[in-house]
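These notes are about the structure you will find just below.
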Amino acid sequence: MSLTIKIHVTANFGPNLQTVRQKKFANYNVRVRPRPIYSSNPLTVYQPKMSTDSVSVKSASSVIKSSLIEPDGGALVDLVVPENERGPKTIEAESMPKVNLTKIDLEWAHVISEGWASPLRGFMRENEYLQSLHFNSVKMGDGNIVNMSLPIVLAIDDETKDRIGSSTNVGLVGPSGDLIGILRSIEIYKHNKEERIARTWGTTAPGLPYVEEVITPAGNWLIGGDLEVLQPIKYNDGLDHYRLSPKKLRKEFDSRQADAVFAFQLRNPVHNGHALLMNDTRRRLLEMGYKNPILLLHPLGGFTKADDVPLDVRMEQHSEVLAAGVLDPETTIVAIFPSPMHYAGPTEVQWHAKARINAGANFYIVGRDPAGMGHPTEKRDLYDPDHGKQVLSMAPGLEKLNILPFRVAAYDTVAQKMAFFDPSRAKDFLFISGTKFLGDCTTKIFSPVVKFALSYVKMRTYARTGENPPDGFMCPGGWKVLVKYYESLQAEDATQQPAILTS
């Protein structure tokens, strides 16, 4: 596997991009080219001479020990106001015109404030928005490119725009009415919804979940500026201890003496096929010479569509998976990624990967149709299922991240467990994907929004009756969590049906 050496000295960034100087390592700064782990050669150490240019170098014979990856821009953004400044800044914010945030706006403020989108320092101004929308990246002041595939913007309506008038700063009010932050040196510009939707999703077909929830009802203006959050954003839902910022995650990786971190994002419960992939990835990293690879199991915790399993249920199920030893708690960190979900396929998966760079992961596991969904009006996938991993391997600004494509896992009916697919005996395998598992067919038992099935096995029947799935598909404790959840939905449906019949 080839490596190149890059040293950058950064100058001024764009309006919302942080000004930093990238660290210079004592001997070298290594960038590993992303190639599929399952077909790669062992990583080797390089000891190059210091240079300000990218150069190819020859390998030594020993095995590499990788330090944590540098965040985009060289340093993490932290926009939470220090405690000793909160009082005066709160008083200042109270005197400003106010912008009301939706729940999803608050999730984006959370994302920006903790540095997941580093070096972005606030909701995008028009210059950054256009670069993100058309190039999936933003060019910094020193000429370097950072990946930024999703526009992170804040919409306002005509009334709010008029209320702001000529003010240069505004206060941000959360959904519960509390003052959560300040947006400074603001810029207001037109919100062309059709262009945004077409460029982000590649279609303007009706039925896109994020579009219907966020963009369609949004105002016709976007407001950008530098964000200050008055205190860390909390949700008080019993899950805040899982919401580890990039800074806290990096400290945790250091405390565990990780020499590699591989991230796995999901928005579904963990079954044994997922675990097989994650455990096999760790095994391969050990074979490549890493001594202590750590798994970041990183479920998405922001907005998801109505038929996805809720976050609290997923987190309970994940806890059962670790308690059962399906994943090793000593080498696994479970944390919530606070970003909302777009279901924008190859465009969105770049955002997911970029955010994990900022969290300290230098390996990212990507599977079939990442961040994708079925076409909202036609019976087909909205995106080519292989394009996500192909785009990640080519995306500008993601070169320093190692992309790990999935091996195909399925349920082996002979061995009665999840196993890697063997084409020579294809008839022995059932394909049970997380998406199929939780969303692909309807039944009279559940409401139209609540869908539950497997591609072949009658899992909806198991959930309804409390029976176990095929042996080896999921740990019993994790399955019980899902049965309980779907039973609660059935009970809710049962109470709603008489009311519907009466009306």
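Computed over protein heavy atoms with a 1.4 Å probe, the carbon and sulfur contribution to the accessible area of the range 109-166 reaches 43%. Accessible surface calculations at 1.4 Å, restricted to protein heavy atoms, place the range 102-197 at 36 Å² per residue. Is the range 274-422 best put as rounded, prolate or oblate by its Cα gyration tensor, with a ≥ b ≥ c the root eigenvalues, rounded for a/c under 1.5, and otherwise prolate when a/b is larger than b/c, oblate when not? Rounded shape, in that the Cα axes give a/c under 1.5. Each of Glu399, Glu107 has its accessible area taken with a 1.4 Å probe; listed largest first, they run Glu399, Glu107.
Taking a straight Cα-Cα cut-off under 17 Å and skipping sequence neighbours fewer than 8 places away in the same chain, the aspartates and glutamates within cross-link reach of Lys139 are Asp72, Glu126, Glu128, Glu399. Ranked by the mean number of other Cβ atoms within 10 Å of their residues, highest first, the peptides 315-321, 327-333, 69-75 fall in the order 69-75, 315-321, 327-333. With R₀ fixed at 41 Å, the C-beta to C-beta distance from Glu378 to Ser167 puts the FRET efficiency at about 0.35.
Solvent exposure of the range 268-357, expressed per residue, is 24 Å² of accessible area, with all protein chains present and a 1.4 angstrom probe. Computed over neighbours whose Cβ is under 14 Å from that of Ala353, the net charge equals +1, Lys and Arg +1, Asp and Glu -1. Listed cross-link partners Lys89/Lys234; Lys161/Lys247; Lys354/Lys389; Lys247/Lys305; Lys234/Lys400 are compared with a 23 Å cut-off, the Cα-Cα value being larger for Lys161/Lys247; Lys247/Lys305; Lys234/Lys400.
The values are calculated or read from the model by the stated rules, or taken from the named source; none is laboratory data. Bear in mind that the values here come from a model prediction, so they are computed numbers and not experimental data. Virtual Cβ from ideal backbone geometry, glycine too; neighbours counted across all protein chains shown. For the accessible areas, the whole protein counts, side chains as well, though only heavy atoms, and no ligand, DNA or RNA atoms are used. Shrake-Rupley method; radii C 1.70, N 1.55, O 1.52, S 1.80 Å.
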